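Enquirer: I'd like to ask some things about the structure below.
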Amino acid sequence: MNIHTTRRQWPAEGLIRVPYWVYSDRDLYDAEQERIFRGDTWTFLCLDAELPTPCSFRASNLGEMPVVVTRDANGAIHAFENRCAHRGSLLCLKERGEAREIVCVYHNWTYDLTGTLTGIAFRRGIAGKGGMPSDCKPEEHAPRQLRIKSFAGLVFGTLGHNTPPLEQYLGPDHVRHIRRVLRAPVRLIGGYSQIIPSNWKLYIENVKDSYHASLLHMFFTTFRLNRLSQKGGLMVSEAGGNHISYSMAQDIAGREYEQAGLRSANEGYALEVPDMLLKSVDEFGDGIGLQILTVFPGFVLQQIRNCLAVRRVVPRGLDKTELVWTCFGFTTDDDTLAELRLRQANLIGPAGFISMEDGAAAGFVQRGVAGANNEVSLVEMGGSGTASEESRVSEAAVRGFWKNYRHHMGL
Amino acid sequence: MYIEHVARIADLNARYADTIDADQLEAWPDFFLDDGRYRITTAENVAQGLPLSMIFATSRAMLRDRVTALREANVYEGQRYRHVLGTPLIAAVEAGGVRARTGFIVARVMRTGETMLFATGCYEDRVVLDGPDGARFAEKVVVLDSRQIDTLLAIPL
């Protein structure tokens, strides 16, 4: 696929400028599907716990491409394109379930749980009439099988031939900080999805933007869940596409926000029963109250106090993105901790006190730049680099995303 | 007796929905008992036996906190709802209240003029009909038919 590089030139300033056409160019969108999502990247598909038994399956996505993730009778995990070799119909029509084999409803072609075609209805016809010629090789059109790697209870998949080994792709900081959260066998709590009215990249930029978190989300700031003055840090992987933003739960009671007169530090605002929402325990024993971790292109692992979730960013068109949330605890949780997770879940999701704004903010940009394809956004907080740093008054992780993006896209 | 239950719960839900649609959110918690429970979940979570909610409150004070947050803290574009409710189906009459299920659809009207079908689902209610303050919800579980929410869910359902 050819991107019109003569028409589309990245601004000469580099990573500190992002041209607005990246959110509305159809050719670019199609090229992303091929070069990023179906290219040499690892996409998070589901939690290991979403395949609880042998012969279970879960529908997922590799970018726009529908995928089925399965656990076979021996417990091994596989993933393959959710497309019949015959006429391209979806094979799996349920979100999750159990099955010994996958049968296409259209013409009853059959696949085993690795995605290998095992049966074609009336292949030799009936009574010597009809059927498929013997030189037809439908196996050559079989659904594409992904390479799978499970890490700390997270199942990743790739179609790329040159995708680096997963732990290398994640980088040492991410390996450590993923293991930190996924400290025990996962128990699912539930999920939902949120339709974001924007290009997928605007949502991912929002997650990587540690500068906005306590400015847009007043709930965070007022209750000192996360202020930029709280001790914490920002880590960006070598390639740029993976980031971790974290902060310590203990507040230093600074007054920088109030002194700056920021909207999000309205001191008159108080909750009647904040403990019913915010009471938490330091279950990880390291004082980190908040950790947001992303893996390029579209994976988010979230720890907000005891509220743990994974989010899958699924592109659904140029200006539409589905954000699939799955919340979890651990099989070792006692009733008290299980209850805290459910209460703190009020903070997240489409109705979350601290996350409801994110979907809308990405949409505000999508609508705001509708006539500005020749304009650029400014990504210069914290300088021009993509290195890890202590300050979260920085857009280093956003620049890191674009560094990795441009690498994959050849832009 | 049955028809009286239907009529009284239909009336309670009609006033409840009208209060939300009229943007009188400050009056919304008063439809609940002091220790009333309110949550929003999806049919998918219910079918899987999973306890997660989008909103989870276990007291009227928590509902007041949500209204305070919506008025003072959270940022969202101007929008209104229009609820259309079905007839309550009385599931059981118990010591702790009458259990009823009421289907609803909610249209969302944005400040830009865009109107969309925002949510469908049912209220799984437990109603105390003859408390000191009249009929109140001891529990209201909003079970959404779909797992998808467009953009955000700010105003309660």
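Enquirer: For residues in the range B:73-89 being crowded, with 16+ Cβ neighbours inside 10 Å and in contact with a helix residue (DSSP H, G or I) (Cβ under 9 Å, 6 or more places away or on another chain), which is farthest from the other protein chains (Cβ to nearest Cβ)? First the steps, then the outcome.
Expert: Start the filter on the range B:73-89 by keeping residues that are crowded, with 16+ Cβ neighbours inside 10 Å, which leaves B:73-75, B:79, B:81, B:83, B:85, B:88.
Narrowing further to those that are in contact with a helix residue (DSSP H, G or I) (Cβ under 9 Å, 6 or more places away or on another chain): B:73-75, B:81, B:83, B:85, B:88.
Details: B:Ala73: 4, B:Asn74: 6, B:Val75: 5, B:Tyr81: 13, B:His83: 17, B:Leu85: 21, B:Pro88: 25 Å.
The qualifying residue farthest from the other protein chains (Cβ to nearest Cβ) is B:Pro88.
Enquirer: With the requirement that a residue be out of contact with any helix residue (DSSP H, G or I) (no Cβ under 9 Å at 6 or more places or on another chain) and either surrounded by 14 or more Cβ atoms within 10 Å (Cβ to Cβ) or hydroxyl-bearing (Ser, Thr, Tyr) (or both), what does the range A:142-165 give you?
Expert: Matches in the range A:142-165: A:Ala142, A:Pro143, A:Arg144, A:Gln145, A:Leu146, A:Arg147, A:Ile148, A:Gly157, A:Gly160, A:Pro164.
Enquirer: Just checking, which of B:Leu33, B:Leu70 is more than 13 Å from the chain's Cα centre (by Cα), under 13 Å from B:Val127 (Cα atoms) and surrounded by 15 or more Cβ atoms within 10 Å (Cβ to Cβ)?
Expert: Details: B:Leu70 fails: under 13 Å from B:Val127 (Cα atoms).
Exactly one of B:Leu33, B:Leu70 is more than 13 Å from the chain's Cα centre (by Cα), under 13 Å from B:Val127 (Cα atoms) and surrounded by 15 or more Cβ atoms within 10 Å (Cβ to Cβ), namely B:Leu33.
Enquirer: Still on this structure: Test of understanding: among A:Gly171, A:Gly119, A:Gly157, which residue is within 29 Å of A:His243 (Cβ to Cβ), small (Gly, Ala, Ser) and touching a strand residue (DSSP E or B) at 6+ places or on another chain (Cβ under 6 Å)? Give the steps one after another, and end with the answer.
Expert: On the way: A:Gly171 fails: touching a strand residue (DSSP E or B) at 6+ places or on another chain (Cβ under 6 Å); A:Gly119 fails: within 29 Å of A:His243 (Cβ to Cβ).
From the options A:Gly171, A:Gly119, A:Gly157, the qualifying one is A:Gly157.
Enquirer: Check A:Ser355 against each of (1) among the polar types (S, T, N, Q); (2) more than 18 Å from the chain's Cα centre (by Cα); (3) within 30 Å of B:Phe56 (Cβ to Cβ) and name the one condition it does not meet.
Expert: All conditions are met except number (2).
Enquirer: Next question. Taking the condition of being away from chain A (no Cβ under 14 Å) and more than 14 Å from B:Arg82 (Cβ to Cβ), how many residues in the range B:114-157 meet it?
Expert: Residues in the range B:114-157 being away from chain A (no Cβ under 14 Å) and more than 14 Å from B:Arg82 (Cβ to Cβ): 19 in total.
Enquirer: Taking the range B:60-77, which residues are among the small types (Gly, Ala, Ser) and either within 22 Å of B:Ala14 (Cα to Cα) or modelled with pLDDT of 95 or more (or both)?
Expert: B:Ala61 - this is the single residue of the range B:60-77 that is among the small types (Gly, Ala, Ser) and either within 22 Å of B:Ala14 (Cα to Cα) or modelled with pLDDT of 95 or more (or both).
Enquirer: Looking at (1) in contact (Cβ under 8 Å) with a residue 24 or more places away in the chain; (2) among the polar types (S, T, N, Q); (3) within 14 Å of another protein chain (Cβ to nearest Cβ); (4) not in a strand (DSSP E or B), find the lone condition where B:Thr41 falls short.
Expert: The one condition B:Thr41 does not meet is (4).
Enquirer: Does the range A:11-33 contain any residue that is aliphatic (A, V, I, L, M) and closer than 30 Å to A:Asp112 by Cα? Please lay out each step first, then the result.
Expert: Initially, the range A:11-33 is screened for residues aliphatic (A, V, I, L, M), giving A:12, A:15-16, A:18, A:22, A:28, A:31.
Checking which are closer than 30 Å to A:Asp112 by Cα leaves us with none.
Scanning the range A:11-33, I find no residue that is aliphatic (A, V, I, L, M) and closer than 30 Å to A:Asp112 by Cα, so the answer is no.
Enquirer: Please determine, by comparing only the residues of the range B:44-60 that are crowded, with 16+ Cβ neighbours inside 10 Å and aliphatic (A, V, I, L, M), which one is farthest from the other protein chains (Cβ to nearest Cβ).
Expert: The residue in question is B:Ala57.
Enquirer: Taking the range B:10-30 as the search range and keeping residues that are closer than 15 Å to B:Arg99 by Cα and in contact with a Ser or Thr (Cβ under 7 Å, 6 or more places away or on another chain), which one is surrounded by the fewest Cβ atoms within 10 Å (Cβ to Cβ)?
Expert: B:Ala10
Enquirer: Taking the condition of being touching a residue at least 12 places away in the same chain (Cβ under 8 Å) and either loosely packed, with under 15 Cβ neighbours inside 10 Å or not β-branched (Val, Ile, Thr) (or both), how many residues in the range B:113-132 meet it?
Expert: Adding up the residues that qualify gives 13.
Enquirer: Starting from residues that are at the interface with chain B (Cβ under 9 Å from one of its Cβ atoms) and of a type in the set (A, V, I, L, M, F, W, C), keep the ones in the range A:328-347 and report whichever is farthest from B:Ser53 (Cα to Cα).
Expert: A:Ala338
Enquirer: Continuing with the same structure: Of all strands (runs of 3 or more DSSP E) completely enclosed by the range A:54-104, which ones contain at least 1 residues that are under 23 Å from the mean Cα position of the chain (by Cα) and within 24 Å of A:Asp40 (Cα to Cα)?
Expert: By residue number, A:56-62, A:65-71, A:77-81.
The values are calculated or read from the model by the stated rules, or taken from the named source; none is laboratory data. Only a predicted model underlies this, so the values are computations on that prediction, with no experimental measurement involved. Note: ideal-geometry Cβ built from the backbone for every residue, glycine included; neighbour counts use all protein chains shown.
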